[in-house]
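Down below is the structure, laid out as structure tokens.
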Amino acid sequence: MNALEVRKLAKRFLGALAVDDVSFSAYPGEVTGYLGPNGSGKSTTMKIIAGLIEPSAGEVLFGGESIRRDLIAHKRRTGYVPEEPHLYAHLSGLEYLTMVAQLRELPPKRTAERIDGLLRLFSLHSDRHAPISAYSKGMRQKVLLIAALLHDPDLLLLDEPFSGLDVSSALILRSLIGELALRGKVVLFSSHELETVERVSSRAVILHRGKVVADDSIQNLRALRSASTLEDVFSRLAIEQDSAAVSREIADLIRA
């Protein structure tokens, strides 16, 4: 089974632990939400799983094998949408996706047809020849999503995939995530939109200060914390500050 296993993962930057002894699993057929406040280590974990940076300790396994045993093979099976869209702005959307397909050594004719179809379905076809520099944030996000899906990956890593998307596109993506899981993909996605995570995910891993503070089905997490929504669970597990007190301090400071 192509399960994703993260075992005792740690990552240090300049001596500080960004990820601290993180372990969890994600399975085919279900969507795993990966949550945490800004700076909790979510994106760092995603980059390690994608094979872009090396961990300081621990390992990542996919299908029972360490991803570092053959990183090229792992990347061929992985689709990754990063939090920040780093695209070649001078290329058009079509040129960028064609370049990605060539780098992945995908069959030209069949892939060209797939790119054309995906551009239409993501409502980018009419802008396919325009430079990416002229694209909105949402349009750039769609290009990243298409690039991640182009090779039909077994593992899909989505770091804030809804960023910049309009309502219609967000609804399509939300449905697509569920459909891909139903088709046996391993889907791990991080989002600050807790309502979306709750609707799409069957499980949630909650990170705080680099450590896992919860890992369970959303239903069990709600019951465990006697919470009605995932947002309630998240606020209790991952937010230390009293938001009301902080808001009062901010208002007092502005007034002063």
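The values are calculated or read from the model by the stated rules, or taken from the named source; none is laboratory data. These numbers were taken from a predicted model, which means no experiment stands behind them. Heads up, the Cβs are rebuilt from the backbone with ideal geometry, glycines too, and the neighbour counts pull from every protein chain shown. Please note that ligands, DNA and RNA were not included when accessible areas were found on the heavy atoms of the full protein model with its side chains. Shrake-Rupley method; radii C 1.70, N 1.55, O 1.52, S 1.80 Å.
Restricting to segment 63-86, give me the number of residues that are within 17 Å of the chain's Cα centre (by Cα) and assigned to a loop (DSSP other than H, G, I, E, B).
6
Please verify whether Ala112 is free of Cβ contacts under 8 Å to residues at least 24 places away in the same chain, of a type outside the set (D, E, K, R) and part of a helix (DSSP H, G or I), treating the condition exactly as stated.
Values: free of Cβ contacts under 8 Å to residues at least 24 places away in the same chain: yes; of a type outside the set (D, E, K, R): yes; part of a helix (DSSP H, G or I): yes.
Yes: the conditions hold for Ala112.
Evaluate segment 11-32: report whether one residue or more is at negative phi, β-branched (Val, Ile, Thr) and loosely packed, with under 13 Cβ neighbours inside 10 Å.
Scanning segment 11-32 turns up no residue that is at negative phi, β-branched (Val, Ile, Thr) and loosely packed, with under 13 Cβ neighbours inside 10 Å.
Applying the selection to segment 136-153, what residues are open to solvent by 20 Å² or more (accessible area, probe 1.4 Å), more than 14 Å from the chain's Cα centre (by Cα) and not polar (S, T, N, Q)?
At the first step, the residues of segment 136-153 found to be open to solvent by 20 Å² or more (accessible area, probe 1.4 Å) are 136-137, 139-140, 149, 151-152.
If we keep only those that are more than 14 Å from the chain's Cα centre (by Cα) as well, we get 136-137, 139-140, 151-152.
Listed by number, the residues that qualify are Lys137, Met139, Arg140, His151, Asp152.
Yes/no per residue for (1) at pLDDT 95 or above; (2) within 25 Å of Ala18 (Cβ to Cβ); (3) open to solvent by 10 Å² or more (accessible area, probe 1.4 Å); (4) assigned to a loop (DSSP other than H, G, I, E, B):
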{"residue": "Pro37", "(1), (2), (3), (4)": "no, yes, yes, yes"}
{"residue": "Ser40", "(1), (2), (3), (4)": "no, yes, no, yes"}
{"residue": "Thr98", "(1), (2), (3), (4)": "yes, no, yes, no"}
{"residue": "Glu105", "(1), (2), (3), (4)": "no, no, yes, yes"}
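Considering segment 42-98 alone, what residues qualify as being free of Cβ contacts under 8 Å to residues at least 60 places away in the same chain and among the β-branched types (Val, Ile, Thr)?
Answer for segment 42-98, where residues must be free of Cβ contacts under 8 Å to residues at least 60 places away in the same chain and among the β-branched types (Val, Ile, Thr): Thr44, Ile48, Ile53, Val60, Ile67, Ile72, Thr98.
Select from segment 103-135 the residues that are of a type in the set (A, V, I, L, M) and over 23 Å from the mean Cα position of the chain (by Cα) and write down the one among them that is farthest from Leu171 (Cα to Cα). If you could, list the steps in order and put the result at the bottom.
We begin by selecting, within segment 103-135, every residue of a type in the set (A, V, I, L, M); these are 103, 106, 112, 115, 118-119, 121, 124, 130, 132, 134.
Checking which are over 23 Å from the mean Cα position of the chain (by Cα) leaves us with 106, 112, 130, 134.
Numbers: Leu106: 29, Ala112: 26, Ala130: 25, Ala134: 24 Å.
Ranking the candidates gives Leu106 first.
Working only within segment 163-187, note down all residues that are touching an Asp or Glu at 6+ places or on another chain (Cβ under 9 Å) and surrounded by 20 or more Cβ atoms within 10 Å (Cβ to Cβ). Talk me through it step by step, then tell me what you get.
Our first condition is that a residue be touching an Asp or Glu at 6+ places or on another chain (Cβ under 9 Å); within segment 163-187, this holds for 163, 170, 181, 184-187.
Selection gives Ala181, Lys185, Val186, Val187.
Taking segment 177-236 on its own, how many of its residues are modelled with pLDDT under 85 and at positive phi?
The qualifying residues number 1.
Can you pull out every residue in segment 58-74 that is open to solvent by less than 80 Å² (accessible area, probe 1.4 Å) and at negative phi? Break it down into steps so the answer makes sense when it comes.
Pass one, segment 58-74, residues open to solvent by less than 80 Å² (accessible area, probe 1.4 Å): 58-64, 66-67, 71, 73-74.
Glu59, Val60, Leu61, Phe62, Ser66, Ile67, Leu71, Ala73, His74, listed by residue number.
What single numbered condition from (1) of a type in the set (Phe, Trp, Tyr); (2) at pLDDT below 95; (3) not in a loop (DSSP other than H, G, I, E, B) fails to hold for Phe24?
Every condition holds for Phe24 apart from (2).
Could you grab me the full set of residues in segment 77-96 that are more than 26 Å from Ala57 (Cβ to Cβ), surrounded by 13 or more Cβ atoms within 10 Å (Cβ to Cβ) and not hydrophobic (A, V, I, L, M, F, W, C)?
Answer for segment 77-96, where residues must be more than 26 Å from Ala57 (Cβ to Cβ), surrounded by 13 or more Cβ atoms within 10 Å (Cβ to Cβ) and not hydrophobic (A, V, I, L, M, F, W, C): Gly79, Pro85, Ser92, Gly93, Glu95, Tyr96.
Condition check: among the charged types (D, E, K, R), without any contact (Cβ under 8 Å) to a residue 24 or more places away in the chain and on the phi > 0 side of the Ramachandran plot. Does Asp152 satisfy that?
Yes, satisfied.
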